[in-house]
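Below you'll find the structure, written out as structure tokens, and then a few comments.
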Amino acid sequence: MRVKLDQLPGLLERSLAPAYLIAGTEPLLVQECRDRVIHAAQAQGFDERSVHEAGRGFDWNALQEASGTPSLFSSRRIVDLRLPSGKPGNEGSAAIAGLVQAGDPDLLLLVSSGDWSAAMRKLKWAATIAQGGVLVKIWPVKAHQMPDWILQRMVRAGLEPDPGAVALLAELVEGNLLAAQQEIDKLVLLGHSGQVTADHVTQVVANSARFNSFRLVECALLGRLDECLRVAAGLQRTGIAIQAVTGAMYRELTVADTVRAAIAAGESESAAFGRLRVWSARQGPIRQALRRLTAFQFGESFRALGLIDRQSKGRAPGDAWQSLDRLLWFLCEPAAVSPV
């Protein structure tokens with residue numbers, strides 16, 4: 001049986017299958033799905049569990065031994081097999097298919113894979129589990145789906161986020177579901193029950209890292225040169241990859257330049273912000289940047305970001321962090337210095 005992620009809880013309430021395959025590239029969702037199966041099985045008396053990480057060189061005989069030797073303490077057991085690549089090879093495929101086809105009522109086979117490619121869908125062992133048990137396909141959460149996913153998670157945790165809080169968190173985690181869940185958990189642990197604003201999200205993120213790239217971008221848009229240089233120095237000291245910094249800067253400058261171009265083409269500022277989903281907390285810094293920077297200066301900024309990227313990869317002479325400082329100076333005081 002092939003089911004979607006949201007169908008699994010109801011299916012587990014009705015009955016327990018002899019085998020499950022959980023496949024997808026989202027580690028958080030795979031883990032949560034695996035936990036649901038384990039908890040449901042434990043409620044049915046499957047009290048023993050053996051975990052097997054089947055990487056390169058895995059001994060498939062160990063899997064056979066674990067599945068065939070009952071414990072003195074429990075006659076019902078879970079074999080938790082994890083396939084990072086989703087490719088067990090011929091020996092592994094035969095071992096997995098054999099366990100499914102054996103139909104041991106005291107054994108539950110739980111296979112999870114970090115891959116669900118077109119090639120994997122055609123493999124015999126995966127088809128065997130789908131036929132004799134349950135296949136749960138987990139698809140990645142797309143960028144446009146991320147705000148709704150975060151909103152649902154926050155509401156489930158007892159929070160009441162405003163749109164700005166959801167949008168900010170979606171931007172900060174950049175599609176990383178595990179990071180998003182961790183920030184939501186922090187909000188709960190810090191007592192932010194009920195209404196949650198963008199300021200609350202900012203405070204939580206700031207508590208986890210004193211200097212962060214998004215704060216740097218905000219300061220650059222606001223024209224706060226001293227604070228920009230201080231934050232940049234802190235980022236460098238903490239060992240953060242400069243690509244993470246320039247990536248955040250590129251995205252926000254792109255939004256600001258798109259708003260500039262829209263206004264120049266006759267669109268109202270409010271319409272441009274609405275179309276680009278720029279919430280109110282971000283609009284102020286962008287407005288400040290638009291007062292200082294022309295279309296040409298935005299172009300020069302993007303050219304500087306390209307140079308910094310090449311320097312960080314050793315493809316251009318110069319120090320990337322020093323070039324970033326110069327770009328920050330230019331963004332804050334464009335009449336005082338060139339960006340490169």
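The values are calculated or read from the model by the stated rules, or taken from the named source; none is laboratory data. Not measured: the values here are computed from a predicted model. No Cβ is skipped: glycine too gets one built from the backbone with ideal geometry, and neighbour counts run over all protein chains shown.
Figures for the structure shown
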read-out: Matching residues in segment 311-338 - criterion: being charged (D, E, K, R) and more than 21 Å from Q297 (Cβ to Cβ); value: K313, R315, D319
read-out: Matching helices (runs of 4 or more DSSP H) fully within segment 263-340 where at least 2 residues are farther than 21 Å from L235 by Cα, modelled with pLDDT under 90 and of a type in the set (S, T, N, Q); value: 280-292
read-out: Residue ID - surrounded by the most Cβ atoms within 10 Å (Cβ to Cβ), chosen from residues in segment 130-168 that are of a type in the set (D, E, K, R) and under 20 Å from the mean Cα position of the chain (by Cα); value: R153
read-out: Answer from Q42, Q31 - the residue that is under 29 Å from the mean Cα position of the chain (by Cα) and within 29 Å of I184 (Cα to Cα); value: Q31
read-out: Number of positions in segment 92-129 that are of a type outside the set (A, V, I, L, M, F, W, C) and either buried (at least 22 other Cβ atoms within 10 Å of the Cβ) or in a helix (DSSP H, G or I) (or both); value: 9
read-out: Residue satisfying condition, being touching an Asp or Glu at 6+ places or on another chain (Cβ under 9 Å), touching a residue at least 24 places away in the same chain (Cβ under 8 Å), more than 22 Å from R282 (Cβ to Cβ) and not assigned by TED's automatic domain parsing to the domain that holds Q195, within set L81, L107, L123; value: L81
read-out: Filter pass, S67 being at pLDDT below 85, outside any loop (DSSP other than H, G, I, E, B) and in contact with a strand residue (DSSP E or B) (Cβ under 7 Å, 6 or more places away or on another chain); value: yes
read-out: Residue count for segment 247-262, restricted to those that are over 17 Å from L168 (Cα atoms) and either at pLDDT below 90 or not β-branched (V, I, T) (or both); value: 4
read-out: Some residue of segment 55-63 being assigned to a strand (DSSP E or B) and either under 21 Å from W125 (Cα atoms) or in contact with a Lys or Arg (Cβ under 9 Å, 6 or more places away or on another chain) (or both); value: no
read-out: Qualifying residue in segment 20-27 (condition: farther than 29 Å from P140 by Cα, of a type in the set (A, V, I, L, M), touching a helix residue (DSSP H, G or I) at 6+ places or on another chain (Cβ under 9 Å) and crowded, with 17+ Cβ neighbours inside 10 Å); value: no
read-out: Residue count, segment 76-91 (criterion: part of a strand (DSSP E or B) and loosely packed, with under 13 Cβ neighbours inside 10 Å); value: 0
read-out: Total residues in segment 237-254, condition within 15 Å of F302 (Cα to Cα) and surrounded by fewer than 19 Cβ atoms within 10 Å (Cβ to Cβ); value: 5
